[in-house]
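Read through the structure below, which is laid out as structure tokens, and then see the notes.
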Ligand code: MSP
């Protein structure tokens, strides 16, 4: 980033309050937090914004289902988001809520300005509306004349008087924006979609609603009480109202923003509507709209109904917050979809964090303690290791621009190459041999090289793993701040004489058995959660999750006869079953029912089997299906035919 740009403004999307946070939300927030922490360390005046999006029909409906007022409900869920980010030590400067008074005033002022400019007019709207996506679609866009093309839920025809924003007037200006600023949309590959969408022609945008009232009212001067603002108009404005647009404008010096981080599903709103609104408001445009991909779990889309949503708190509690942060940032190239699995997380912990990073610190502690009573001087490091230092500086210099280009996984890869220089130097120079041959000065220079490399990498990793880096810095006797960033990174300086302190292993190895247990637990939650969800849904909003008959028939259900059953050793919940579902060979199914059925009691009985489930490996054993069961406070019962049926009989 050029030095002239001293102010950095970083935002996450504001999260809808109709759901609690999952790893998708945590992902965006962690990326933004990393960028904000890095920017502060590098000396930029930084403002990091996150918050919650609380208006619109979807939120009003979710509140109604729970017999709560929209505000009561929004308070509750917004509080949960804020608590989670506080638990995660997310370094936001402001948490905005769209129900905050200053926000509403700012949105009204913006509406007024766009209206006065002639960009807003009143008309009539008739269209297919998806409440879940809060978006209108044309007939041609619908699936089977009815379904929302984004989420598949049925749309409804909404006919109402509406205010419109003259989006069509901005077509050429938007195309010029994309053309002249090839990095406005990141990753660049995503820009094409947006350009094609705009080239296909933009309709004016309906920006008010009369069918519900949970939203920001129009400015008083419009004298039109029936309307509330369209939720996306209200929501996008948060990026400027949070800086005081229309109220106390002192933080508007952070505008234009450096980067709005968003998921790919909401890129269109940010890359088309938002710059058009800003042009209308005569405000400068942000540098980047950066769109990340979606996380799936074990290869499947996460959804409440599948019960496979990953709770970020659970993962951070189990594996450590910094390991989770590292994994999220390292595992997937920005912009691409990524798969979350505990196995992949554990592999990263054991190899990148334990072997490469943690172990290097152990070696520093070991060598400095054994040979030099923990006292390390860098006075001869340049004499013996200028080459390695130059290589490290070069890698770090080239890595830095990757941060603001959103290639954070590549950034981490480059830092790991720097760690390799250190790990390799120990093997190449053999300090133990030097000590034996009386070459103490050289051995000290080598230990100092490792300390220098570790210190530089730590500074560059501080934004990624702040807690662990604080421990490393303590052990190395260095501080990580803007002064050390300047001295050791920008000026390529050398670490002052220091005393190493021994600390506990940073990333203790996770053993194979634990990985296997985690797989079982995961399998067990996948078995348990859909049932819990199903029970919950009876009392909440089943209509949120309507499926078509075709979707139902995608699941193949058959009657299976259990031919063999045995306990899975070391598992509290699993039984290993051989089930005849009318095929040439029996299916092996691992079922989480050990607490409710003994293996012997099952042999010869029948159950209903989901037979087209993707096979999964649990504790190293293949599971090729799932048994259906119902569970309440009195226990669990397998679902069985009333009278015996031929194995393989279809259930419909
Ligand atoms: N309220 C709007 C944003 C308004 S910004 C002016 C919204 N909220 S959301 O809560 O539904 O989604 C917030 C973000 O979470 C989006 O960027 C979305 O892409 C992201 N994710 C939701 N599920 C996700 C995954 N499974 N994986 C990664 N991110 C995902 O949209």
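The values are calculated or read from the model by the stated rules, or taken from the named source; none is laboratory data. Values in this document were obtained by computation on a predicted structure and should not be read as measured data. Don't worry about glycine lacking a Cβ; one is built from the backbone with ideal geometry, like all the others, and counts go over all protein chains shown.
What number of residues in region 42-57 are within 22 Å of the chain's Cα centre (by Cα) and modelled with pLDDT under 95?
Going residue by residue through region 42-57, those that are within 22 Å of the chain's Cα centre (by Cα) are 46-54.
Next, from what is left, pick out any that are modelled with pLDDT under 95: none.
Residues in region 42-57 being within 22 Å of the chain's Cα centre (by Cα) and modelled with pLDDT under 95: 0 in total.
So residue 643 fits all but one of (1) outside any loop (DSSP other than H, G, I, E, B); (2) surrounded by fewer than 15 Cβ atoms within 10 Å (Cβ to Cβ); what number is the exception?
That leaves (1) as the condition not met.
Could you check region 482-504 and list, in sequence order, the residues that are part of a loop (DSSP other than H, G, I, E, B) and closer than 18 Å to residue 380 by Cβ?
492, 493, 494, 495, 496, 497, 500
Filter region 291-302 down to the residues that are part of a loop (DSSP other than H, G, I, E, B) and near the ligand (Cβ under 9 Å from one of its atoms) and list them by number. Talk me through it step by step, then tell me what you get.
Let us first name the residues in region 291-302 that are part of a loop (DSSP other than H, G, I, E, B), namely 293-294, 298-299, 302.
Within region 291-302, 293, 294, 302 qualify.
Residue 198 fails exactly one of the following numbered conditions: (1) under 17 Å from residue 277 (Cα atoms); (2) in contact with a strand residue (DSSP E or B) (Cβ under 9 Å, 6 or more places away or on another chain). What is the number of that condition?
Just one mismatch for residue 198, condition (2).
Do the conditions hold for residue 61, that is, is it closer than 30 Å to residue 154 by Cα and either without any contact (Cβ under 8 Å) to a residue 24 or more places away in the chain or near the ligand (Cβ under 9 Å from one of its atoms) (or both)? Even if it seems obvious, please write down each step before you answer.
Values: closer than 30 Å to residue 154 by Cα: yes; either without any contact (Cβ under 8 Å) to a residue 24 or more places away in the chain or near the ligand (Cβ under 9 Å from one of its atoms) (or both): no.
No, not satisfied.
Could you check region 96-107 and list, in sequence order, the residues that are in contact with a helix residue (DSSP H, G or I) (Cβ under 6 Å, 6 or more places away or on another chain) and part of a helix (DSSP H, G or I)?
If the condition is that a residue be in contact with a helix residue (DSSP H, G or I) (Cβ under 6 Å, 6 or more places away or on another chain) and part of a helix (DSSP H, G or I), then 103, 106, 107 are the ones that fit.
From the set of residues in region 461-479 that are within 20 Å of residue 414 (Cα to Cα) and more than 21 Å from the chain's Cα centre (by Cα), which is surrounded by the most Cβ atoms within 10 Å (Cβ to Cβ)?
Narrowing region 461-479 to residues within 20 Å of residue 414 (Cα to Cα): 461-466, 468-469, 472.
Going one step further and asking which of them are more than 21 Å from the chain's Cα centre (by Cα), we end up with 469, 472.
Numbers: 469: 21, 472: 24.
In this case the residue turns out to be 472.
So which helices (runs of 4 or more DSSP H) stay within region 348-460 end to end and still have 2 or more residues that are at pLDDT 95 or above, within 30 Å of residue 36 (Cβ to Cβ) and within 24 Å of the chain's Cα centre (by Cα)?
Working: elements: 359-372, 381-404, 408-429, 431-436.
Here the list reads 381-404, 408-429.
Have a look at 250, 264 and point out the one that is surrounded by fewer than 24 Cβ atoms within 10 Å (Cβ to Cβ), closer than 29 Å to residue 405 by Cα and within 11 Å of the ligand (Cβ to nearest atom).
Values: 250 fails: within 11 Å of the ligand (Cβ to nearest atom).
Residue meeting the stated conditions: 264.
What about residue 80, is it closer than 24 Å to residue 274 by Cα, within 16 Å of the ligand (Cβ to nearest atom) and not assigned by TED's automatic domain parsing to the domain that holds residue 480?
No: the conditions fail for residue 80.
Please go through region 4-28 and give me each residue that is in contact (Cβ under 8 Å) with a residue 60 or more places away in the chain, closer than 20 Å to residue 257 by Cα and more than 9 Å from the ligand (Cβ to nearest atom), ordered by number.
5, 7, 8, 9, 10
Could you please find all residues in region 108-140 being in contact with a strand residue (DSSP E or B) (Cβ under 6 Å, 6 or more places away or on another chain) and part of a helix (DSSP H, G or I)?
If the condition is that a residue be in contact with a strand residue (DSSP E or B) (Cβ under 6 Å, 6 or more places away or on another chain) and part of a helix (DSSP H, G or I), then 114 is the only one that fits.
Of (1) over 18 Å from residue 405 (Cα atoms); (2) within 13 Å of the ligand (Cβ to nearest atom); (3) within 15 Å of the chain's Cα centre (by Cα); (4) modelled with pLDDT of 95 or more, residue 90 satisfies all except one. Which?
(2)
Would you confirm whether any residue within region 33-47 is free of Cβ contacts under 8 Å to residues at least 60 places away in the same chain and over 30 Å from residue 401 (Cβ atoms)?
no
Looking at region 324-344 only, could you name the residues that are over 14 Å from the mean Cα position of the chain (by Cα) and within 16 Å of the ligand (Cβ to nearest atom)?
Of all residues in region 324-344, those over 14 Å from the mean Cα position of the chain (by Cα) come to 342-344.
If the condition is that a residue be over 14 Å from the mean Cα position of the chain (by Cα) and within 16 Å of the ligand (Cβ to nearest atom), then 344 is the only one that fits.
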